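This report refers to the structure that appears directly beneath it.
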Amino acid sequence: MKHKGYKKAVVKILGPGKAQYLRISLFCIVISLIAGSVLLLILGKNPLEGYVSILQGAGFIPKARYAGHKSMFTDFMSLVNYTTPMIFASLSFAVAMRCGIFNINISGMMLFSGFIASITIGYSSIPAPLAQILVILIAVVAGACSGALIGFLKHKFNANEVVISIMFNYIVSYVISFFIQTMFINPTTRQSERVGENAMLTGIDTMIGDLRMDVSYVFPLAVIAVILISFMFSKTRIGFELKAVGMNHHASRYAGIKIGRSVIFSMALSGVLAGLAGVSYYMGTFASIQPRVIPSLGFDSIAVALLGNNNPFGCFLASFLVMTIRNGTTYMSSRLGVLREIASLITGILLLFSACGGAFKALADKYHEELANDDENGGGK
């Protein structure tokens, strides 16, 4: 009976239904916050004060005081700027996953697109509006080509996309590192030369009224991408075909769906979004590339997409949640006197549980089926 009560509790919290994925995501968030609270209590800190300080650092709650030309709104705009690449990256994974492709090449695509955009337009003297449009277009094309290549190899030669992606990450990292260190290195920072202000996609310390803030020029494009991808998934034929292919290749082929076209298209679109993530990352706040380093954001976006259930709007909200914790880390660290790694650990726990969302769903569905069978058999033990 104890086991039955446990199963009922699991089914009630995570059980089947239209809101199952939402309940699983909320469960992952709550568990991670509880784990973070335990860590803070072990350190002798007040968990509530810690989480409030994170929200203050991210710009959701006002701080006690601010430096000159700063306010809660400037903190929030910084959050938006740092979240923009994560939105694109998580959408990139969600699009590929809809077709059943586990794309772990997002970091490599980001690096490749950011580098190509930097060396073609980033160091040019083209006027600002045109340069910014061109870097976006170049990144989109570069990302689409790299994604389509992986899709083609998977379809044509039945190559494993995970292996291809890992190799692509290494190849891109080392090849770009070679070019940076031989042609574009800055002798002081040991990174690539900083791109020009005319090609930057983030307005650093932009004066708006009396406030000095970082403004992401491509965040509206991220919002548009969320809406368009959601529309494609739910209202278009290609969205239905991608889902069908992801669920069953053989049934889709029997139904007349062109598997190769769907696979290549999904990876090309995934590459487009990864390219936008890369250009908003490398042509945004960072403005340069560190040799032999691929962005961890590309890997984190996988767990963020899973936390958002591979739903575009879910990816959008999950991106803000994860980046809120990361952005609020500095203020929490200074206010409570704890290491920044504590907040990183909380984020890691959240991403870990979100990656286990499929296991939670399978467990809840299993218990639901067992309880239903017990009821049919007259309430077994």
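Observations
- You can think of it this way: the chain between Ile31 and Phe157 has 41.1 nm of extra reach, that is 0.36 nm per residue less the Cα-Cα gap.
- Structural size metrics of region 233-320, computed from C-alpha coordinates, are Rg and Dmax of 16.1, 49 Å.
- Relative contact order of the chain: 33 percent, from C-alpha pairs under 8 Å at least 6 residues apart in sequence.
- Theoretical gain in end-to-end length, Thr182 to Val293 [0.36 nm per residue, Cα-Cα removed]: 38.4 nm
- Radius 14 Å from Cβ of Ser270, net charge of other residues (Lys, Arg +1; Asp, Glu -1): +1
- Comparing Asn81, Asn158, Asn198 in a Gaussian network model of the chain where C-alpha atoms under 10 Å apart are linked, the largest mean-square fluctuation is found at Asn158.
- Residue with peak Gaussian network fluctuation, the chain [Cα springs, cutoff 10 Å], from Ala58, Ala148, Ala159: Ala159
- Within the shell of other residues whose beta carbon sits under 14 angstrom from the beta carbon of Phe152, the net charge comes to +3, with Lys and Arg scored +1 and Asp and Glu -1.
- Peptide packing for 163-176, 283-296 was compared via the average number of neighbouring C-beta atoms within 10 Å per residue; ordered from the highest value, the list is 283-296, 163-176.
- Taking a straight Cα-Cα cut-off under 27 Å and skipping sequence neighbours fewer than 8 places away in the same chain, the lysines within cross-link reach of Lys258 are Lys154, Lys156, Lys235, Lys243.
No lab work stands behind these numbers, since they all come straight from the coordinates. A quick note: this is a predicted structure, and the numbers were derived from the prediction, not measured. Positions of Cβ are backbone-derived with ideal geometry, glycine not excepted, and every protein chain shown enters the neighbour counts.
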